[in-house]
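What follows is a short report on a single structure.
The values are calculated or read from the model by the stated rules, or taken from the named source; none is laboratory data. Source: prediction; values computed, not measured. Ideal geometry is used to build each Cβ from the backbone, glycine not excepted, and the neighbour counts take in all protein chains shown. Just so you know, the surface numbers come from the protein's heavy atoms only, side chains and all, with ligands and any DNA or RNA stripped out. Shrake-Rupley method; radii C 1.70, N 1.55, O 1.52, S 1.80 Å.
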Amino acid sequence: MPRAQNKADLLKAAAENYKKLQDFIAGMSQKELETPFDFSSLNKSESHWARDKNLRDVLIHLYEWHNLLFKAIERNEKTPGIKFSFLPEDYNWKTYPAMNVKFWQSHQATSLEEAKKLLEDSHKKTVSLIEKFSDEELFNKGHFAWTGTTNLGAYFISAAPSHYDWALKKLKAHKKLVENGAI
């Protein structure tokens with residue numbers, strides 16, 4: 001699906017990619033769910049390939065990125081004229097992998113069922129937030145000063161449909177490794 005350019009397409013992409021992810025998860029075998037992730041044979045350099053060890057970790061990652069979006073919007077709506085970054089102040093776009101590790105660490109006691117519920121709720125909140133904004137607010141660059149050179153829609157795309165696609169690719173890679181006996 002092409003990148004959303006308007007509110008209707010963004011809502012459609014978020015719904016479709018979320019459904020694809022949920023359908024894939026529902027079809028995972030017990031063996032795929034119980035086998036720890038090990039992508040070392042894929043020679044991937046991005047840190048998330050080593051970070052996430054199971055489905056819970058992937059779902060929590062999505063949930064936490066939804067929360068980043070919620071917090072950024074809330075802070076920036078409450079204090080017009082002051083720009084708050086999307087990322088927490090301790091992080092930037094070069095250091096955000098450390099933030100992702102912190103999210104991972106803070107949820108090691110979270111159950112898979114709890115992670116599923118957290119993601120379901122945050123997805124619903126994401127959709128509700130998208131519905132709150134107009135096409136212009138979502139897709140006109142510069143409509144909100146705090147989004148800098150991009151638009152608010154890009155933040156939603158990153159936190160929802162694009163991130164759901166990322167998660168699905170990761171789960172498919174895990175499934176293939178399990179099926180092939182590589183792990």
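For this structure, a couple of remarks:
- Residue in the range 120-127 that is part of a helix (DSSP H, G or I), hydroxyl-bearing (Ser, Thr, Tyr), open to solvent by less than 90 Å² (accessible area, probe 1.4 Å) and in contact with a Leu (Cβ under 9 Å, 6 or more places away or on another chain) present: yes
- Residues within the range 126-146 that are in contact with a helix residue (DSSP H, G or I) (Cβ under 8 Å, 6 or more places away or on another chain) and either at pLDDT 95 or above or farther than 14 Å from Glu77 by Cβ (or both), tallied: 12
- In the range 23-51, residue nearest to Phe133 (Cα to Cα) [restricted to those that are open to solvent by less than 60 Å² (accessible area, probe 1.4 Å) and among the polar types (S, T, N, Q)]: Ser29
- Within the range 69-79, the only residue that satisfies the criterion of being hydrophobic (A, V, I, L, M, F, W, C) and either over 23 Å from Gly153 (Cβ atoms) or more than 15 Å from the chain's Cα centre (by Cα) (or both) is Ile73.
- When the test is whether a residue is over 17 Å from Gly153 (Cα atoms), in contact with a Pro (Cβ under 9 Å, 6 or more places away or on another chain) and open to solvent by less than 70 Å² (accessible area, probe 1.4 Å), Arg56 does not pass it.
- Evaluating Thr149 against the criteria (1) surrounded by 12 or more Cβ atoms within 10 Å (Cβ to Cβ); (2) over 18 Å from the mean Cα position of the chain (by Cα); (3) not in a helix (DSSP H, G or I) leaves one unmet condition, (1).
- Filtered residues of the range 147-183 (kept if at negative phi, of a type in the set (Gly, Ala, Ser) and at pLDDT below 95): Ala182
- Sole exception among (1) open to solvent by 20 Å² or more (accessible area, probe 1.4 Å); (2) touching a residue at least 12 places away in the same chain (Cβ under 8 Å); (3) within 19 Å of Asn6 (Cβ to Cβ) for Lys132, by number: (2)
- Number of positions in the range 1-13 that are open to solvent by less than 50 Å² (accessible area, probe 1.4 Å) and assigned to a helix (DSSP H, G or I): 4
- Of the residues making up the range 95-111, not a single one is part of a loop (DSSP other than H, G, I, E, B), within 19 Å of the chain's Cα centre (by Cα) and within 20 Å of Ala14 (Cα to Cα).
- Counted residues, the range 80-94 - those being more than 18 Å from the chain's Cα centre (by Cα), more than 16 Å from Gly148 (Cβ to Cβ) and surrounded by 13 or more Cβ atoms within 10 Å (Cβ to Cβ): 0
- Taking the listed residues Glu64, Glu16, Glu77, the one that is more than 23 Å from Leu177 (Cα to Cα), open to solvent by 80 Å² or more (accessible area, probe 1.4 Å) and of a type in the set (Asp, Glu) is Glu77, with no other qualifying.
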